[in-house]
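The values are calculated or read from the model by the stated rules, or taken from the named source; none is laboratory data. Note that this is a predicted model, so its numbers are computed, not measured. All Cβ positions, even for glycine, are placed from backbone atoms using ideal geometry, and neighbour counts span all protein chains on display. With ligands, DNA and RNA removed, areas are computed over all heavy atoms of the protein, side chains included. Shrake-Rupley method; radii C 1.70, N 1.55, O 1.52, S 1.80 Å.
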Amino acid sequence: KLSVLTGCREGAIMAQPWVQEFAYRYLPYFVFVVGNSTLVFVAASIVVMVLPHSIVGQVKVLRRYRSYILKSFKRIAFLSTQGPLYRLFVWCGRRCSFGYLSSKCRPPQAMKVSPTGCSEVIAQWAPDQVALNPFHEETYVFAWRPADAKENEQYREPGKSASWEWRERPLTSNDVESVGGKRLKYLLADLPPLARVRCRVCSVNRRGRSDWSAEVEATTLARPHEEGGFIGPLGAASSGFSESRRQYRWTQSRTEVAFKAPLGDEWKAKDIKVKVTPSRLEVLYVGQQTDGEVLLAGPFPKRVKADEVFWEIETSDADGRHLSLQVTKAEQMEKWPCLIQGADHPCIDVRLVRLFTQGLDAAGVDIFD
């Protein structure tokens, strides 16, 4: 062991003159080349950045070089904000300033509202924050109200008149969830089924509130009936029917979708034209009309087997004279949210649909549970 250690020390001592010679002869040249290259790069970058856009736009090399410099600066700035020292600096600045270093609030952008169930909707928006102020802080106030007077009756408290005032809710960090790091979302719950609501949001901090965002409307989903379907409006051919007969009723099972649509007492089978494709349904009342009037038409939400369609005219005490039509689902066990896709045709909450397997008792088993 002693001999090995002695050999290592002798080798280190012998290497020292070579290192000293290299440092003495070549290190000044190396520092000179690297230093001047860096200086030239910095000077060239400054020149390219200050050149007018009209000149840079005409030279492809300068255009690419400027783009490369901008991307490099953005990357360096982004990486510097991810370090622990920067985050500690921002945290200390926000806590010590008590929000007074925040910039003036701006109204949130790109407001969107979509239904997620028969009693809730999700609102999403993009904060319009000042990117150059790391100490900026803001919270949000969410407001909503019924979209019209008829739906406003659903929210009226006993003994009080219906109110058109906005219902505001200050949101905390626990109420708001980040989506992809650039958008925020909030779940508005406890709404009635098929309620059309109007929503907006604003930001607030020590400097006050911003203006409200753009108002956006959304309608909650319908609660399906026991047969997994709902109702919907009929077309222009039903204009002569009573109010209660101007809508169809549809149902679904694990393999089929069916609907019943009221018919006129004088309508015959030859007066009705039914056309079904894998993605669309069209029911027309021809009668004396050349082109026919639409009783029900529109795209399916899912695909069907166009060669497995059955329809007939039936009469019952509950539904009167009506058209009964059944189509087979292209994919079994799919839950349909509606019969026809369209703004006037309500969608149901498919989470509440129970498709039962055959050969079981009346209680059944939901295969999706």
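List of remarks:
- Filter result (open to solvent by less than 20 Å² (accessible area, probe 1.4 Å) and closer than 14 Å to Leu296 by Cα) within segment 241-263: Tyr248, Trp250, Phe259, Ala261, Pro262, Leu263
- Segment 300-314 residues that are of a type in the set (Lys, Arg), paired with ones that are open to solvent by 60 Å² or more (accessible area, probe 1.4 Å) (beta carbon under 8 Å, 6 or more apart): Lys302/Glu331; Arg303/Glu331
- From Val276, Val204, residue being closer than 30 Å to Gly99 by Cβ and surrounded by 15 or more Cβ atoms within 10 Å (Cβ to Cβ): Val204
- All positions within segment 105-122 that are surrounded by fewer than 18 Cβ atoms within 10 Å (Cβ to Cβ), under 14 Å from Leu194 (Cα atoms) and not hydroxyl-bearing (Ser, Thr, Tyr): Glu120
- Residue in segment 294-304 that is on the phi > 0 side of the Ramachandran plot and touching a strand residue (DSSP E or B) at 6+ places or on another chain (Cβ under 7 Å) present: yes
- Subset tally (residues that are among the aliphatic types (A, V, I, L, M) and open to solvent by 40 Å² or more (accessible area, probe 1.4 Å)) for segment 287-305: 1
- Unmet requirement for Ser213, which otherwise passes all of (1) surrounded by fewer than 20 Cβ atoms within 10 Å (Cβ to Cβ); (2) of a type in the set (Gly, Ala, Ser); (3) more than 20 Å from His322 (Cβ to Cβ): (1)
- Of the residues making up segment 123-133, just one is outside any loop (DSSP other than H, G, I, E, B) and either more than 14 Å from the chain's Cα centre (by Cα) or surrounded by fewer than 18 Cβ atoms within 10 Å (Cβ to Cβ) (or both), namely Ala126.
- Residue tally, condition touching a strand residue (DSSP E or B) at 6+ places or on another chain (Cβ under 8 Å) and within 23 Å of Glu138 (Cβ to Cβ), over segment 199-240: 15
- Of all residues making up segment 92-123, the number that are in contact with a Ser or Thr (Cβ under 8 Å, 6 or more places away or on another chain) and polar (S, T, N, Q): 2
- Some residue of segment 43-51 being in contact with a helix residue (DSSP H, G or I) (Cβ under 8 Å, 6 or more places away or on another chain), among the aliphatic types (A, V, I, L, M) and not in a helix (DSSP H, G or I): yes
- Residues that are without any contact (Cβ under 8 Å) to a residue 60 or more places away in the chain and polar (S, T, N, Q), drawn from segment 212-242: Ser238, Ser239, Ser242
- For segment 29-87, filtered to residues that are charged (D, E, K, R) and over 30 Å from Pro134 (Cα atoms), the residue that is surrounded by the fewest Cβ atoms within 10 Å (Cβ to Cβ) is Lys60.
- For segment 246-302, the tally of residues that are among the β-branched types (Val, Ile, Thr), more than 20 Å from Pro233 (Cβ to Cβ) and in contact with a helix residue (DSSP H, G or I) (Cβ under 9 Å, 6 or more places away or on another chain) stands at 1.
- Selection from segment 225-240 of residues that are open to solvent by 70 Å² or more (accessible area, probe 1.4 Å) and closer than 25 Å to Cys118 by Cα: Glu226, Glu227
- The lone exception for Glu314 - which of (1) touching a His at 6+ places or on another chain (Cβ under 9 Å); (2) within 29 Å of Pro192 (Cα to Cα) it fails: (2)
- Filter result for the condition that a residue is within 30 Å of Asp128 (Cβ to Cβ) and basic (Lys, Arg), over Arg223, Arg254, Arg196, Arg249: Arg196
- Complete set of residues in segment 138-158 that are crowded, with 17+ Cβ neighbours inside 10 Å, out of contact with any Asp or Glu (no Cβ under 9 Å at 6 or more places or on another chain) and either at pLDDT 75 or above or under 30 Å from Lys74 (Cα atoms) (or both): Glu138
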